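Have a look at the structure below before the remarks.
The values are calculated or read from the model by the stated rules, or taken from the named source; none is laboratory data. Bear in mind the structure is a predicted one, so any value in this text is a computation, not a measurement. Here the Cβ positions follow ideal geometry from the backbone for every residue, glycine too, while neighbour counts run over all protein chains shown. The area values use the complete protein model at the heavy-atom level, side chains included, leaving out ligands, DNA and RNA. Shrake-Rupley method; radii C 1.70, N 1.55, O 1.52, S 1.80 Å.
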Amino acid sequence: VQLQASGGGIVQAGDSLRLSCVASGDTFSSYGVGWFRQAPGKEREIVGAIDSRTGSTYYQDSVEGRFTISRDNAENTVYLQINSLKPEDTAVYYCAASKSRWLILNVNDYSFWGQGTLVTVSS
């Protein structure tokens with residue numbers, strides 16, 4: 001499966017963005033999907049994930065309540081809705097997919113990656 005992430009941009013603190021991860025080459029509904037981010041000089045970290053069985057989600061504590069992951073299987077797309085953006089959310093955001101149908105939280109367990117989309121939040 002190939003992934004294409006988009007939707008990043010330059011925004012102000014408090015704004016919202018919706019990132020999209022569009023899949024091609026396979027049926028996306030059978031993949032677990034994670035959203036990650038990597039800020040300059042920092043390691044890539046998971047911000048959230050969604051499984052393929054029930055739509056169950058996981059969020060990192062720092063984004064809980066502000067970030068929402070959803071999927072539209074008909075469109076082969078997974079979304080990351082980001083509200084109340086903070087300067088510390090500035091990073092390149094990546095989507096990733098795993099053939100496992102369960103929630104996958106470890107970056108090393110994802111086999112397929114999108115190219116990343118940059119989110120810059122100014123104060």
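Quick notes on this one:
- In order along the range 32-49, the Karplus-derived 3J(HN,Hα) couplings, from 6.51 cos²θ - 1.76 cosθ + 1.60 at θ = phi - 60°, round to x, 10, x, 10, 10, 9, 9, 8, x, x, 10, 6, 5, 10, 7, 9, x, 8 Hz, and Gly and Pro are given as x.
- Dipole moment magnitude, nearest 20 debye, the range 30-89 about Cα centre, only Lys, Arg, Asp, Glu C-beta charged: 60 debye
- Projecting the Cα positions of 3, 13, 119 onto the charge dipole of the chain (unit charges on Cβ atoms of Lys, Arg, Asp and Glu, taken about the Cα centre) puts 3 furthest along the positive direction.
- Neighbour net charge for residue 100 - beta-carbon separation under 11 angstrom, K R +1, D E -1: +1
- Whole-number accessible area per residue in Å² for the chain, which is evaluated in the context of all protein chains at 1.4 Å: 49 Å²
- Under 5 Å, built H, 5+ apart or other chain: amide partners of residue 90: 121
- For residue 26, distant residues with modelled amide H under 5 Å away: 2
- Around the Cα centre of the chain, unit charges on the Cβ atoms of Lys, Arg, Asp and Glu (plus for the first two, minus for the last two) sum to a dipole of about 100 debye.
- The calculated FRET efficiency for residue 1 paired with residue 39, based on their beta-carbon distance and R0 = 25 Å, is about 0.40.
- Of all DSSP bridge pairs formed entirely within the chain, close to 90 percent run antiparallel.
- Accessible-area composition of the chain, carbon plus sulfur, in percent [1.4 Å probe]: 45 percent
- The chain - percent relative contact order, Cα under 8 Å, separation 6 or more: 37 percent
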